[in-house]
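Asker: Handing you this structure, nothing more for now.
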Amino acid sequence: GALCPCFSTSDPESMGMEALEDQREGPYPVRLHKKRRSANLKIGHHDNYDIVSGSFPGSACCNTVLEQTRAYFEVTVLKEGVFCIGVANKKFKEFDAFLTNATDKTIKNREVKDKSRNSWGYMCSEAKKDDVIGCSYDLNDVKSVLRFYKNGKRIRSAEVVGVTGDVTAAISVSGDCELKINWGGEPQQHRPAKFEPVVASMSVI
């Protein structure tokens, strides 16, 4: 698909004007949402990427639904700490907590068992400065597959199969962690073949 960050303005009222305007900021419209975030987080919007940090646990969601067949984003560790990278659906409200870890007991043999879960992610506490942690969301098969990568190497033990519903990319941080989030506004270091950067969709969250 095209990499152009396009979005529809055909029905701005039903899409939510505030969210639509959120997408229009800066040259690359994909960024962390203005409202779907924890007050514990410090978020900096730059032209083509976001910076997020926090001492206390907090989560934030991206401002666009992942509607692409294969989407990918990655974070670079600027300051070491604890963080989680993944996706969350519209029902996710626990912004002062972390996303559900991929090794959570509600995920057995990589398959989502608890359908009431509203977030899925990979918890990372050992990443070093300049490490790049990536997340891909694949809708090309019968069931969706969420995959994670460290410096380009696939982390097979953290894969999640069967995430359902509309989801956005999401991030959790704590322990003075600071991350640079590259949605695709800059060249991505470890994007897998056949995947695309996150682009603004026709649906906003």
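The values are calculated or read from the model by the stated rules, or taken from the named source; none is laboratory data. Bear in mind the structure is a predicted one, so any value in this text is a computation, not a measurement. Reconstructed Cβ throughout: ideal geometry from the backbone, glycine too, with neighbour counts over all protein chains shown. Just the protein is used for accessible areas: all its heavy atoms, side chains included, with ligands, DNA and RNA removed. Shrake-Rupley method; radii C 1.70, N 1.55, O 1.52, S 1.80 Å.
Asker: Which fully enclosed strands (runs of 3 or more DSSP E) of the stretch 110-205 have 1 or more residues being at pLDDT 95 or above?
Answerer: Fully inside the stretch 110-205 and qualifying: 132-138, 145-150, 167-174, 177-182.
Asker: Could you check the stretch 58-82 and list, in sequence order, the residues that are surrounded by fewer than 20 Cβ atoms within 10 Å (Cβ to Cβ) and farther than 20 Å from Arg191 by Cα?
Answerer: Once the filter is applied, which keeps residues that are surrounded by fewer than 20 Cβ atoms within 10 Å (Cβ to Cβ) and farther than 20 Å from Arg191 by Cα, the stretch 58-82 yields Lys79, Glu80, Gly81, Val82.
Asker: State whether the residues of the stretch 150-157 include one that is surrounded by fewer than 17 Cβ atoms within 10 Å (Cβ to Cβ) and closer than 24 Å to His46 by Cα. Break it down stepwise before answering.
Answerer: As a first pass, look at the stretch 150-157 and keep what is surrounded by fewer than 17 Cβ atoms within 10 Å (Cβ to Cβ): 151-157.
Filter once more, keeping what is closer than 24 Å to His46 by Cα: 151.
The answer is yes; a qualifying residue exists.
Asker: Another question, then. What single numbered condition from (1) at pLDDT below 95; (2) touching a strand residue (DSSP E or B) at 6+ places or on another chain (Cβ under 9 Å) fails to hold for Asp11?
Answerer: So Asp11 meets the others, but not (2).
Asker: Return yes when Ala2 is open to solvent by 20 Å² or more (accessible area, probe 1.4 Å) and modelled with pLDDT of 95 or more and no when it is not.
Answerer: Against the criterion (open to solvent by 20 Å² or more (accessible area, probe 1.4 Å) and modelled with pLDDT of 95 or more), Ala2 does not qualify.
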